[in-house]
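Participant: Sharing a structure with you now.
Derivation of every value follows stated rules applied to the coordinates shown; laboratory data play no part. Note that the structure is a prediction, hence the values are computed from the model and not measured. Cβ: placed from backbone, ideal geometry, glycine included. Neighbour counts: every protein chain shown.
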């Protein structure tokens, strides 16, 4: 028989026969271990929201229970902002965060299907579920520090957040280091449904819309060197401009494009969804080597359990791409980078080359690859 019950308001476990929750003060207490946590509206008194994710004992079917817990999680509760840690400092990973009491995560709260308000209250989305899984694996409490996309990395640098997540592509950035990537995806080419364009090569002399994205620029320049006009966007409007004929095409992240194209599906079309493999990763304050190591470790655990792929399928659908093994491969269970090199280019000594090609995906540690990770390989 369980010695704990569950707070219906915040989801935390409380001692059996307790009159109220020691975490939120609620008197709504129910039996523990009766299924997935209930989703309840958050108490929104401040711009910061706390997700309390209980640790699940990994005994027998414990790993599956953790997956069910995270997939069912949809709501959060409010709490005051945690004290800002001074920037710099070495940091002590999740152990230090647990001792301090909170993990502060900078997010852009208006970025569906990655992170957005849930109709039932709280938040939902792929990155919300991923952060909840990370917290559940390490038993830490989260405070979401809401920022516009452009302010995510500054929040990490100035110490307002311990790390940031929000469709961030790894690149050399002052004051920031990167985790292993948690999502690999393709850039895609979108045109008007009636357009004869079927590839980048058909756009010589055209105007192409993109975000401020070096990988997109390099991909287009590789096919159309000096033969296209760049129009850079910092916010929505690119698809409206494409419909209105002010652009000839848009090059965009496939997971976001598929979601945002729904209102335009009869007027716009994806004609290529395998232009280049890209990656999203967690941005961590430079110098916090322990936290970077711990985040990498839990991402590998979540990937190995199959949870990372399940969350991607649930929120983002198919990964897209042509599946051409001459351009990219998927890491198999138990494979090290040398095994991937031996399988794909016939040379186990090619691990160093694969690491260099996929530095933004793998990160600085070549041993950080995980089952299901998608890597570029030489032609």
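Participant: Roughly speaking, what % of Cα-Cα pairs in the stretch 184-277 are separated by over 19 Å, rounded to a whole number?
Facilitator: Working: 1297 of 4371 pairs.
Here the long-distance tail beyond 19 Å is 30 percent of all Cα pairs in the stretch 184-277.
Participant: Sticking with this structure for a sec: Across 5 Å bins from the origin, how do the percents of Cα pairs in the stretch 99-236 run, short distances first?
Facilitator: Spelled out bin by bin, the stretch 99-236 gives 2, 8, 15, 18, 17, 13, 11, 8, 5, 3, 1, 0 percent.
Participant: Sticking with this one: Quick one: if you stick a label point 7 Å off each Cα along the C-beta vector at residue 304 and residue 286, how many nm between them?
Facilitator: The two pseudo-label positions are separated by 3.2 nm.
Participant: What is the list of residues in the stretch 241-280 whose amide nitrogen lies under 20 Å from a point 7 angstrom out from the Cα of residue 345, following Cα to Cβ?
Facilitator: 276-279
Participant: Efficiency by 1/(1 + (r/R0)^6): what FRET value for residue 379 and residue 146, r their Cβ-Cβ distance, R0 = 51 Å, to the nearest 0.05? Write down the numbers at each step before the final one.
Facilitator: Numbers: r = 43 Å, r/R0 = 0.84.
After rounding, the FRET efficiency stands at 0.75.
Participant: When 179, 204 are ordered from fewest to most other Cβ atoms inside 10 Å of their Cβ, what list results?
Facilitator: Numbers: 179 25, 204 11.
The order, fewest Cβ neighbours first, is 204, 179.
Participant: From Cα pairs below 8 angstrom and at least 6 apart in sequence, can you work out the relative contact order of the stretch 184-277, rounded to a whole percent? Don't skip to the answer; put the middle values down first.
Facilitator: Details: 159 pairs, mean separation 48.6, N = 94.
About 52 percent, as a whole number.
Participant: Find the eigenvalues of the gyration tensor of the Cα atoms of the stretch 99-140, then list the square roots of 5 times those eigenvalues as equivalent ellipsoid semi-axes, largest first, in whole angstrom.
Facilitator: Details: eigenvalues 84, 22, 18 Å².
Computed over the stretch 99-140, the values are 20, 11, 9 Å.
Participant: Using a 10 Å cut-off around each Cβ, can you sort 210, 344, 173 from fewest to most neighbouring Cβ atoms? Present the calculation step by step, with values, prior to reporting the outcome.
Facilitator: Details: 210 22, 344 17, 173 14.
Fewest-to-most Cβ neighbours within 10 Å comes out as 173, 344, 210.
Participant: If r is the Cβ-Cβ distance from residue 110 to residue 243 and R0 is 25 Å, what FRET efficiency results, to the nearest 0.05? Numbers along the way, then the final one.
Facilitator: Values: r = 22 Å, r/R0 = 0.88.
Calculated value: 0.70.
Participant: Compute the separation of the alpha-carbon centres of the stretch 97-147 and the stretch 181-206 and state it in Å as a whole number.
Facilitator: 32
Participant: List, largest first, the extents of the alpha carbons of the stretch 241-369 along their principal axes, each in whole Å.
Facilitator: In descending order, the Cα extents are 49, 36, 27 Å.
Participant: Let me ask another. Starting from the exponent 0.38 and prefactor 2.2 Å, build the expected Rg for the stretch 323-376 from its residue count and divide its actual Cα Rg by it. Walk me through the numbers before you get to the answer.
Facilitator: Numbers: Rg = 9.7 Å, N = 54, 2.2 N^0.38 = 10.0 Å.
In units of the 2.2 N^0.38 Å rule of thumb, it is 0.97.
Participant: Under the √(5λ) rule applied to the eigenvalues of the Cα gyration tensor, what semi-axes describe the equivalent ellipsoid of the stretch 147-228? Give them in Å, descending.
Facilitator: One finds semi-axes of 33, 13, 12 Å for the stretch 147-228.
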